[in-house]
Amino acid sequence: MKLVKHAKSVALALAIGLGSSHSFAAEQTLLNSSYDIARELFASYNEHFAAVWKEKTGNTVEVRQSHGGSSRQAQAIIEGLRADVVTYNQVTDVDILHTRGKLIPADWRDQLPNASSPYYSTMAYLVRKGNPKGVSNWDDLARDDVSSVFPNPKTSGNGRYTYLAAYGYAQKAFEGDEAKADEFVKTFLSRVAVFDTGGRGATTTFVERGIGDVLITFESEVNNIIAEFPDHGFEVVVPKVSFLAEFPVAVVERHATRNGNLELAKAYLDELYSEDAQRLLAGFNYRVHNEVVQAEFADQFPSVELLTIEEIAGSWDDAMSIHFANGAKLDQLQRR
Amino acid sequence: MQTRASLRVGDQPWVKWSLISLALFIVGTLLIVPLVAIFVQAFGDGVQGFLTNITDTYTLHAISLTLLVAALTIPLNLVFGVFLAWLVTRFEFPGRKLLITLIDIPFAVSPVVAGLLYLLLYGSNGWLGSWLMDQDVQLMFSWPGILMVTVFVTCPFVARELIPLMQQQGKEEEEAGVTLGASGWQLFRRVTLPNIQWALIYGVVLTNARAMGEFGAVSVVSGNIRGETNTLPLHVELLYQDYNAVGAFTSASLLAGIALITLFVKSFVEWRQARQRRVLDEVSE
């Protein structure tokens, strides 16, 4: 009796499992591998794209989303996750798809406008109600009465951007005097109250444990945090100089071809550059390239001088070896 | 012995009461408060909010995927566990002791390592995986992969429960059955199964709890595709990362609910097992 029951439940479960994987085959599906915290952005964009695609081709498309830390997401694709497109928050994680997996061409940054980065953001400050410490720029964060919170640059892309932004600021402020820039960043790092492993942890430290005067994170994230904790009266401060955080996208050609989705995948990324989509992105607090949309959202995005990775360190490869490798600059400056 | 020792401690009331209050304090702060907090957070937006979160398409899919994986894992490990326990307690063969040790491998390695092992083997760069990819078979980053690692991390539970019991019970009853002319299947149905049924249920309850709650190994092979390979524990993390704390705790409260049910069933089974043991003892006396 027992065995028969079990056999039945197995059969039933199998039917459910197979059924669910089959029911999606009727329409076109696209898999987008993305970074964490981008869920609502792409839920909204996918709806937009589905409507555009339906009008253009008459086909229904369902875009599935995979979210996670983008380094891990890239690793999963190399190990066989059959994503058609990637939409990440770090250039290095897309690069790896070429260098380690040969899944995309070497010149992937030239395939789409703006170095394949349809939108961008920068590092901004979240300060406590009324900005009691009067923080406005990076030099304030080196003051001994101000303590800041941001994720560890060793483990988090978010933290790496903050470190590079501070370093880029120091390079400018001291007109390329490396010793002085190093000294500044060393002081800046010594004022950090807690290094969490990721962005979410840093937010918890700042908001729920009440540690630090400034939380440094993506400008695009700051509004999410304010919205989640409306009672705290947090305020946003955008420094005068900051780092250009790109959000690179690419078609994973090998997989998209295999899935028969190449055309669809290209259209999906192209559409990100359309005016409507750029407006949608700006609504999620990302900065965009479209000039019409830029003008519409001018109030929301204070002007800021954005430094690129090329200006600060030459290239991402150099940045990794000069600053973030074991025993490199970051390690030296953190030694107190 | 034990009763006398505890009496001696109880002779000094302050020792007894400070120990009791310390234990209650620890249980309260470490276990009860967090458990209550999960449900408080889950209903943070009221009952309506809870229902909205739970009927979310992705949450419903996560629930059904988790149920599917558990429903497939349990029979697989049930058969495997009984087979293995029978083998090592009823037969003598070279390598038997080694086999008993090997059963515990899934307990000894971290689940993340287990997940990585499967990924290295069946991922598209692994030597089995690259062949599978040519055959257009996708195991990793789809539900079969999740099932594989779940079976791996839960496979010792049933066998671990059965082996000590079957060793203790010995094979006399079964030998008697054989001399009376029972076939292998009759022997199992009429003699072995009634003796082990409560331990078996106990093993199944533990397997189920772990299969539904497993995070580490599943996280490695899942690929985190919403509405496709996202199990309930992974869904909790995703929602939390999304700044959707209420949604995260709603899903977490489901897992906590499963845990509570598991505890009740476990206590009941333990009580039945204890009773069965008493009966056995009386009979042997």
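The values are calculated or read from the model by the stated rules, or taken from the named source; none is laboratory data. All values reported here derive from a predicted model rather than from experimental measurement. A quick note on method: Cβ atoms are made from the backbone with ideal geometry, for glycine too, and the neighbour counts reach across all protein chains shown.
Remarks
- Helices (runs of 4 or more DSSP H) within the stretch B:194-285 that include 1 or more residues small (Gly, Ala, Ser) and more than 14 Å from every other protein chain (Cβ to nearest Cβ): B:216-222, B:245-284
- Residues that are surrounded by 19 or more Cβ atoms within 10 Å (Cβ to Cβ), at pLDDT 90 or above, closer than 21 Å to residue B:102 by Cβ and of a type in the set (Ser, Thr, Tyr) occur at least once in the stretch B:145-153.
- Residues located in the stretch A:257-278, provided they are touching a Lys or Arg at 6+ places or on another chain (Cβ under 9 Å) and at pLDDT below 95: A:258, A:259
- Residue count for the stretch B:122-143 under the criterion of being surrounded by fewer than 17 Cβ atoms within 10 Å (Cβ to Cβ), outside any loop (DSSP other than H, G, I, E, B) and within 11 Å of another protein chain (Cβ to nearest Cβ): the result is 1.
- If you go through the stretch B:62-73 and keep only what is crowded, with 19+ Cβ neighbours inside 10 Å and more than 8 Å from chain A (Cβ to nearest Cβ), you end up with B:62, B:65, B:66, B:69, B:70, B:73.
- Residue in the stretch A:41-55 that is within 12 Å of another protein chain (Cβ to nearest Cβ), within 25 Å of residue A:284 (Cα to Cα) and not in a helix (DSSP H, G or I) present: no
- In the stretch A:105-126, the residues that are surrounded by 23 or more Cβ atoms within 10 Å (Cβ to Cβ) and of a type outside the set (Ser, Thr, Tyr): A:108, A:118, A:123, A:124, A:126
- Candidates B:93, B:83, filtered to the one that is of a type in the set (Phe, Trp, Tyr), farther than 30 Å from residue B:236 by Cβ and not in a helix (DSSP H, G or I): B:93
- Residue list for the stretch A:257-279, restricted to those being crowded, with 21+ Cβ neighbours inside 10 Å and hydrophobic (A, V, I, L, M, F, W, C): A:264, A:265, A:269, A:272, A:277
- Which listed residue is hydrophobic (A, V, I, L, M, F, W, C) and either more than 25 Å from residue A:64 (Cβ to Cβ) or in contact with a strand residue (DSSP E or B) (Cβ under 6 Å, 6 or more places away or on another chain) (or both), from B:205, B:221, B:236: B:205
- Residue B:216 vs. criteria within 30 Å of residue A:30 (Cα to Cα), of a type outside the set (S, T, N, Q) and in contact with a helix residue (DSSP H, G or I) (Cβ under 7 Å, 6 or more places away or on another chain): yes
- Among the candidates A:65, A:75, the residue that is modelled with pLDDT under 95, of a type outside the set (A, V, I, L, M), farther than 26 Å from residue B:73 by Cα and part of a helix (DSSP H, G or I) is uniquely A:75.
- Members of the stretch A:50-83 that are more than 25 Å from residue B:218 (Cα to Cα), polar (S, T, N, Q) and surrounded by 20 or more Cβ atoms within 10 Å (Cβ to Cβ): none
- Number of residues in the stretch A:314-323 that are in a helix (DSSP H, G or I), closer than 15 Å to residue A:95 by Cβ and within 21 Å of the chain's Cα centre (by Cα) equals 5.
- Selected residue [under 17 Å from residue B:70 (Cα atoms), more than 16 Å from the chain's Cα centre (by Cα) and of a type in the set (Val, Ile, Thr)] from B:179, B:229: B:229
- Residue in the stretch A:295-305 that is over 20 Å from the mean Cα position of the chain (by Cα), among the hydroxyl-bearing types (Ser, Thr, Tyr) and assigned to a helix (DSSP H, G or I) present: no
- Residues (within 14 Å of another protein chain (Cβ to nearest Cβ), under 30 Å from residue A:101 (Cα atoms) and small (Gly, Ala, Ser)) located in the stretch A:220-275: A:260
- Hits in the stretch B:152-188 - residues which are in a loop (DSSP other than H, G, I, E, B) and of a type in the set (Ser, Thr, Tyr): B:183
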